[in-house]
Amino acid sequence: QVQLVESGGGLVQAGGSLRLSCAASGTIFSITVMGWYRQAPGKQRELVARITSDGRINYAESVKGRFTISRDNAKNTVLLQMNSLKPEDTAVYYCNAVKITGLYWGQGTQVTVSS
């Protein structure tokens, strides 16, 4: 099993910033991808950003230019810097790790952006 520990969620005003952090522990061998997903009320879970072990990055179109994902392979940690936050960014954000044996998820952290 892989355990994912998240931190950094909270309440901010529109235009503000937050930094989310997720650290993987346990049986971390063969983790290939780490990333962030989010789910807003009444909507399906969607990809926010992901990064592979060799540094390849993908972003959702809605966050390009505002969010930055990075990864510290030595610490098995992935960060999401969120700038210029909008009310539509409000959601539960989930950390994700991919292994050949399955998909692992964090418990989720609430991000709320007020107008």
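One table, with the values for the structure above:
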| quantity | calculated |
| --- | --- |
| Carbon/sulfur fraction of accessible area - the chain, other protein chains in place, 1.4 Å, % | 50 |
| Exposure ranking of 33, 2 by accessible area [1.4 Å probe, largest first] | 33, 2 |
| In Å, descending, principal axis extents of the Cα set of region 1-97 | 38, 24, 21 |
| Exposure ranking of 36, 105 by accessible area [1.4 Å probe, largest first] | 105, 36 |
| DSSP-assigned coil residues among GluC sites (Glu not before Pro) in region 1-93, each with at most 16 further Cβ atoms within 10 Å | 61 |
| For region 19-36 and region 50-86, distance of Cα centres in Å | 12 |
| Solvent-accessible heavy-atom area per residue, rounded to whole Å², over the chain at 1.4 Å | 54 |
| Partner lysines for residue 86 [C-alpha distance under 26 Å; skip if fewer than 8 residues away on the same chain] | 43, 64 |
| Value of relative contact order over the chain, rounded to a whole percent, pairs C-alpha under 8 Å and six or more apart | 36 |
| For residue 67, residues with placed amide H under 5 Å, excluding near neighbours | 83 |
| Karplus 3J(HN,Hα) series, Hz, for region 52-68 with 6.51 cos²θ - 1.76 cosθ + 1.60 (x for Gly, Pro) | 8, 5, 9, x, 6, 10, 10, 10, 5, 4, 5, 10, 4, x, 10, 10, 9 |
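The values are calculated or read from the model by the stated rules, or taken from the named source; none is laboratory data. On a predicted model such as this, the values are computed, not experimentally measured, just so you know. With ideal geometry, Cβ positions are generated from the backbone for all residues, glycine too; neighbour counts draw on all protein chains shown. What goes into the accessible areas is simple: the full protein's heavy atoms, side chains included, and nothing from ligands, DNA or RNA. Shrake-Rupley method; radii C 1.70, N 1.55, O 1.52, S 1.80 Å.
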